[in-house]
């Protein structure tokens, strides 16, 4: 009987230990939420260089001929577990995406919610797209498209204090698959631990019955 109680005590201690570890991780994540700024800049020519008779084709914007028109799409997002405050913009400086070619026009601008004031902006003829110091709530996203003349060479200038900065290089579907794989791994590990504890407990019971 003493062996049985000892083994039960071990199982209870393991369960309580796992619970304490889980609670510690939960409290840490709540008290120290990770803030993350994610961005991507994609540029694509409006006219392919492989088109036949390209020398006879003329592209113009507002009556002004364009020699190498490009469409630039900018995505920014607050992808962490907490909001990014406007005070996180180091020195009150805006985030800049310098394309190194003149930006001619904004062709579209969309945000995940209209209740947040953060917006991308540009000055016609300037080479940079800017995001002024603003509150960026978690899961807040901005997507905007711009027209420029010439192939962009993007230089991001992002100065955020205590914020993780990540360039979004993988498509959303791959990130979703990675998250589901991590969730599946955690679930499988938890199930294995529970199954192992159940097996041990069943063995203990069977040993006691045989006695």
Exercise. Any residue at all in the stretch 145-155 that is more than 26 Å from residue 47 (Cα to Cα), outside any helix (DSSP H, G or I) and modelled with pLDDT of 95 or more?
Worked result: no
Exercise. Does residue 180 satisfy the criteria of being within 30 Å of residue 105 (Cβ to Cβ), modelled with pLDDT under 90 and either under 16 Å from the mean Cα position of the chain (by Cα) or buried (at least 17 other Cβ atoms within 10 Å of the Cβ) (or both)?
Worked result: no
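Yes/no matrix, rows are residues, columns are (1) outside the structural domain of residue 153 (by TED's automatic domain parsing); (2) over 19 Å from residue 138 (Cβ atoms); (3) touching a strand residue (DSSP E or B) at 6+ places or on another chain (Cβ under 9 Å); (4) modelled with pLDDT under 95:
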{"residue": "65", "(1), (2), (3), (4)": "no, yes, yes, yes"}
{"residue": "73", "(1), (2), (3), (4)": "no, yes, yes, no"}
{"residue": "76", "(1), (2), (3), (4)": "no, no, yes, no"}
{"residue": "90", "(1), (2), (3), (4)": "no, yes, yes, yes"}
{"residue": "96", "(1), (2), (3), (4)": "no, yes, yes, no"}
{"residue": "102", "(1), (2), (3), (4)": "no, yes, yes, yes"}
{"residue": "120", "(1), (2), (3), (4)": "no, no, yes, no"}
Exercise. Is it the case that residue 45 is modelled with pLDDT of 85 or more, surrounded by 10 or more Cβ atoms within 10 Å (Cβ to Cβ), out of contact with any helix residue (DSSP H, G or I) (no Cβ under 8 Å at 6 or more places or on another chain) and assigned by TED's automatic domain parsing to the domain that holds residue 131?
Worked result: yes
Exercise. Mind checking which residues of the stretch 124-144 are free of Cβ contacts under 8 Å to residues at least 60 places away in the same chain and farther than 26 Å from residue 45 by Cβ?
Worked result: 132, 133, 134, 135, 137
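The values are calculated or read from the model by the stated rules, or taken from the named source; none is laboratory data. Given the structure is predicted, the values throughout are model-derived calculations rather than measurements. FYI the Cβ positions are ideal-geometry reconstructions off the backbone, even for glycines, and counts take in every protein chain you see.
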